[in-house]
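Notes follow the structure.
The values are calculated or read from the model by the stated rules, or taken from the named source; none is laboratory data. Keep in mind that this is a model prediction, so the values were computed, not measured. Here the Cβ positions follow ideal geometry from the backbone for every residue, glycine too, while neighbour counts run over all protein chains shown. With ligands, DNA and RNA removed, areas are computed over all heavy atoms of the protein, side chains included. Shrake-Rupley method; radii C 1.70, N 1.55, O 1.52, S 1.80 Å.
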Amino acid sequence: MVTRQIRRNHSGAPGWRSRLSVRLQPGHDLAVREFEPRIKESASQTRDVLKQHFNDLKGTLGKLLDERLVTLLQEVDAIEQETIKPLDDCQKLIEHGVHTAEDLVQEGEIAILGGVGEQNEKLWNFTKKASHIQLDSLPEVPLLVDVPCLSAQLDDSILNIVKDHIFKHGTVASRPPVQIEELIEKPGGIIVRWCKVDDDFIAQDYRLQFRKCTSNHFEDVYVGSETEFIVLHIDPNVDYQFRVCARGDGRQEWSPWSVPQMGHSTLVPHEWTAGFEGYSLSSRRNIALRNDSESSGVLYSSAPTYFCGQTLTFRVETVGQPDRRDSIGVCAEKQNGYDSLQRDQAVCISTNGAVFVNGKEMTNQLPAVTSGSTVTFDIEAVTLGSTNNNEGGNFKLRVTISSNNREVVFDWLLDQSCGSLYFGCSFFYPGWKVLVF
């Protein structure tokens, strides 16, 4: 089991300072040397984050200002075009009238200078033409008060507003409000538990990330209000880093990240047996789906990977039609030819909540299995060697089966001792999907 715990001093803050001052042992010098690189690394990362953020902010603000400038200039162009066009049309109309009057005057002068007969004809044409031209008609000229005069209205107070926001933007936190408290190895997974170290901080949600120690990128694995989560798809004997942050009540931004904690699992992942006709498996073989095949029987684990003292967990992802012969449980050995684990040398729970020990149904019953239900088996060795022959066995195990906040505890008698156990499941109708870890 991998365990890391956060100790606290009397103020409630992480207690590494108090431990350094109280217990001055040779090992503490090594701890101090380990803390110094962590502080320098976090300081360097914080500088990089601040520089990147403010560079991005400057670029975004510059882009927004440029876009606003373009919009205002387009408004100036539109107003200019809209107000100048009528004036241009009026100017053209006046110039056309002046040219027409000049041509008419010139034509009248020519008519006067001609002979009597020619003069009379030209004067008659001139009079006729002049009567059709309205030289006294002029376009309406706008009043001076109606003529636009453009100007830019700029509020300098925005500089003070922006300045106030910039001066208050961003903070540097030396101690995150939440830290990882414990890492517990599981077959194919690690349980991560965290806790608040700032009593004044009210957390609304938590965000957990992990990565392989060889990777540069953390990825989200959980966001929610719980303070514990099991990270699955963990390769055995591979180091992983975990970190967590929190979001305060009514806030949108996340707190600083906790100190990354490293852990790994030495336990072999649980796997279902591949190639069984009635079930389809996930790529890691830890999820089994009952398919539409008419084939029936018990799907066993690929190996006896469950050991006493561990917790074996089944999580029902989806459900199908229940049947009283359905079973989820553990057994001493594989026995082909059975349709269920409701047999000798096995303990199991049916989907209706009935518990079976060596093929016999117990009086106590658990709630029926539904979508999202978690069924756990905890088994411990009670006695070794021979026992009362009337009890029918020489090896006794104490079994605790839990489901939906209820549990049953009983003794399971086996014919011989078992260092490890198989697990299995059987469903008579399709649609059941079970994850084991």
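Points to keep in mind about this one:
- For region 279-436, the Stokes-Einstein estimate of translational diffusion at 25 °C and a viscosity of 0.890 mPa s comes to 157 µm²/s, using the Kirkwood hydrodynamic radius over alpha-carbon pairs.
- Charged neighbours of Gly431, selected by a Cβ distance under 13 Å, balance to -2 (K, R count +1; D, E count -1).
- In degrees, nearest ten, helix 116-131 long axis to first principal axis of the chain (Cα): 30 degrees
- Approximating the spin labels as points 7 Å out from Cα along Cα→Cβ, the Gln241-to-Asp146 distance works out to 7.4 nm.
- In terms of packing, defined here as the mean over residues of other Cβ atoms within 10 angstrom, the peptides 74-84, 155-165, 291-301 line up highest first as 291-301, 74-84, 155-165.
- Within a straight-line Cα-Cα reach of under 20 Å, Lys129 can be paired with the following aspartates and glutamates, leaving aside sequence neighbours fewer than 8 residues apart in one chain: Glu95, Glu102, Asp103, Glu107, Glu109, Glu118, Glu121.
- Dimensions of region 178-265 along the principal axes, based on C-alpha atoms and rounded to the nearest Å, stand at 39, 23, 18, largest first.
- Here the dipole of region 178-265 is about 240 debye; that uses its Cα centre as origin and unit charges on the Cβ of Lys and Arg (positive) and Asp and Glu (negative).
- Dividing the helix sum by the residues of the chain, where each DSSP H run of 4 or more adds -39500 (n - 2.57), gives a mean residue ellipticity at 222 nm of -10000 deg cm²/dmol.
- Across Trp194, Trp272, Trp124, mean-square fluctuation computed from a Gaussian network of the chain (C-alpha pairs under 10 Å connected) peaks at Trp124.
- Lysines whose Cα lies under 26 Å from that of Lys334, excluding same-chain neighbours fewer than 8 positions away: Lys186, Lys360, Lys396, Lys433
- Legend: distances between Cα atoms for Lys58/Lys168; Lys63/Lys168; Lys51/Lys163; Lys163/Lys196; Lys85/Lys128; pairs beyond 24 Å are Lys163/Lys196; Lys85/Lys128.
- Note on Leu104: accessible area approximately 10 square angstrom, rounded to 10, probe 1.4 Å, nucleic acids and ligands left out.
- Solvent-accessible area of Leu73 with every protein chain in place, 1.4 Å probe, in Å² to the nearest 10: 90 Å²
- On a per residue basis, the convex hull of the C-alpha atoms belonging to the chain measures out at 333 Å³.
- Sorting 339-346, 274-281 by their mean Cβ neighbour count within 10 Å, with the most densely packed peptide first, gives 339-346, 274-281.
- For region 223-289, the Rg and Dmax computed from alpha carbons only, in angstrom: 17.4, 52
- Taken over region 141-214, the percentage of Cα pairs per 5 Å bin, counting from 0 up to the bin with the maximum distance, is 3, 9, 10, 11, 10, 8, 7, 6, 5, 5, 5, 4, 4, 4, 3, 2, 2, 1, 0.
- Seen against the Cα atoms of the chain and their longest principal axis, helix 157-168 is set at about 20 degrees.
- Residue order by solvent-accessible surface for Val238, Val436 is Val238, Val436, largest first, with ligands and nucleic acids left out and a 1.4 Å probe.
- Separation of alpha-carbon centers, region 91-106 and region 240-268, rounded to whole Å: 86 Å
- As a length-normalised measure over Cα pairs under 8 Å and 6 or more apart, the relative contact order of the chain settles at 12 percent.
- Highest-fluctuation residue, Val70, Val98, Val319 considered, GNM on the chain with Cα pairs under 10 Å: Val98
- Accessible heavy-atom area order of Met262, Met362, highest first, probe of 1.4 Å: Met262, Met362
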